[in-house]
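**Student:** Submitted below is the structure of interest, expressed as structure tokens.
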Amino acid sequence: MDFEVELLAELGYVHTLEFATEFSRSISTSKTESKFMALHAAFGVEFSLMRKCDLPYWNSEYGFCQVCIVQKKDTETMYAMKYMNKQQCIERDEVRNVFRELEILQEIEHVFLVNLWYSFQDEEDMFMVVDLLLGGDLRYHLQQNVQFTEEAVKLYICEMALALDYLRSQHIIHRDVKPDNILLDEQGHAHLTDFNVATIIKDGERATALAGTKPYMAPEIFQSFLNGGTGYSFEVDWWSLGIMAFELLRGWRPYDIHSSNPVETLVQLFSTITVQYSSVWSKDMIALLRKLLTVNPEHRCSCLLDIQTSAYLSDIVWEDVLEKKVEPGFKGRLHCDPTFELEEMILESRPLHKKKKRLAKNKSRDNSKDSSQS
């Protein structure tokens with residue numbers, strides 16, 4: 001059930017950020033435009049549709065994404081392609097978040113991020129071609145009752161620290177670091193994804209919006225929202241990293257917080273609850289977690305230098321981490337094979353392999369209407 005699109009223009013693909021007149025604004029950047037032009041002119045892509053459950057980590061991002069695997073013909077490099085129905089995007093009020101994510105992804109690239117390579121659209125959907133990571137997300141593996149070792153979590157902390165340091169250099173606060181948004185490649189290395197609530201702040205600026213996932217949000221986010229304080233900055237991502245590391249080691253989070261909890265109760269919670277650390281963890285790991293989970297952001301471990309100078313990570317060769325030379329302590333496995341014959345796996349009601357004919361039929365019908373009205 002694979003098919004080849006020789007010219008993407010045949011489907012009416014244009015630059016993603018100009019994809020609909022219904023949207024109140026459009027953003028134009030040369031980087032994404034050049035990526036699209038390269039995609040348009042250089043190659044066709046072969047699509048292999050997969051069940052959504054086979055790539056579980058994409059489903060949490062917007063809730064209405066479909067995913068297939070694409071292969072670049074000249075290099076045979078495989079990517080994941082997310083596609084979202086534009087009308088659903090409007091109906092679910094996700095336009096702003098989609099714009100924000102695309103705006104950010106166009107400008108960044110890092111070894112421990114899920115990178116955007118191409119973006120385009122047709123009349124119905126918008127598409128994002130990104131790194132293909134088949135190791136699953138950390139939430140998936142927690143749900144599979146994986147017992148992460150200290151060594152495995154130690155490497156995740158290092159890899160995410162490098163990712164967060166890079167984002168800071170680009171003036172980006174991610175605001176949603178959590179197991180759901182950490183994808184593993186086939187070797188077990190961690191990659192941060194989902195920038196739909198991220199924000200860009202200039203030097204001296206502070207963020208103020210209540211954004212993120214409550215169980216992983218830093219105390220100053222709630223404080224700023226409730227009392228109109230001075231806002232917050234990059235430190236919030238490092239708090240989230242600490243919450244996530246604790247959860248991977250323990251199986252549950254240090255604070256019993258849920259999305260339904262009122263903000264007022266959460267502000268009080270951080271000053272009344274004492275985090276309990278497992279006695280089986282090494283003292284240096286506990287010390288690092290304490291620094292990451294310091295309520296006062298001014299005293300929190302919140303930059304790469306802070307992490308690098310911690311006793312727990314004193315043996316780390318950071319150049320090796322950056323070059324993925326450190327062997328991960330855990331390698332995730334999903335029940336899918338991207339090269340497998342997928343005929344029986346095409347379960348979607350509007351599959352991509354029928355789209356070209358459907359759009360041509362719609363266009364013909366629209367032309368007929370125009371002719372009858374003239």
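**Student:** Residue separation times 0.36 nm, minus the C-alpha to C-alpha distance between S279 and K325: what's the value?
**Tutor:** Gain on extension, S279 to K325, equals 13.5 nm.
**Student:** Beyond a 30 Å Cα-Cα separation, which of these cross-linked pairs lie in this structure: K86/K214; K202/K331; K86/K178; K73/K154?
**Tutor:** K202/K331; K73/K154
**Student:** Count the net charge of all other residues whose Cβ sits under 10 Å from the Cβ of V317, scoring Lys and Arg as +1 and Asp and Glu as -1. Present the calculation step by step, with values, prior to reporting the outcome.
**Tutor:** Values: positive: K325; negative: D315, E319, D320, E323.
Charge balance near V317 sits at -3.
**Student:** Return the sequence-ordered ³J(HN,Hα) values of the stretch 259-276 in whole Hz as given by the Karplus equation 6.51 cos²θ - 1.76 cosθ + 1.60 applied to θ = phi - 60°, using x for Gly and Pro.
**Tutor:** 4, 7, 5, x, 4, 4, 6, 6, 4, 6, 4, 5, 8, 10, 9, 9, 5, 9
**Student:** As an exercise, use a Förster radius of 25 Å and the Cβ-Cβ distance of K73 and N115 to find the FRET efficiency, rounded to the nearest 0.05.
**Tutor:** 0.80
**Student:** OK, next. Can you check what the net charge comes to around V236, using other residues whose Cβ is under 9 Å from the Cβ of V236 (Lys, Arg +1; Asp, Glu -1)? Walk me through the numbers on the way to the answer.
**Tutor:** Details: positive: R175; negative: E220, E235, D237.
Summing Lys/Arg as +1 and Asp/Glu as -1 gives -2.
Readers should treat all values here as calculations from the given coordinates under stated rules, not as data from a laboratory. Small disclaimer: the values here were computed from a predicted structure and weren't measured. Don't worry about glycine lacking a Cβ; one is built from the backbone with ideal geometry, like all the others, and counts go over all protein chains shown.
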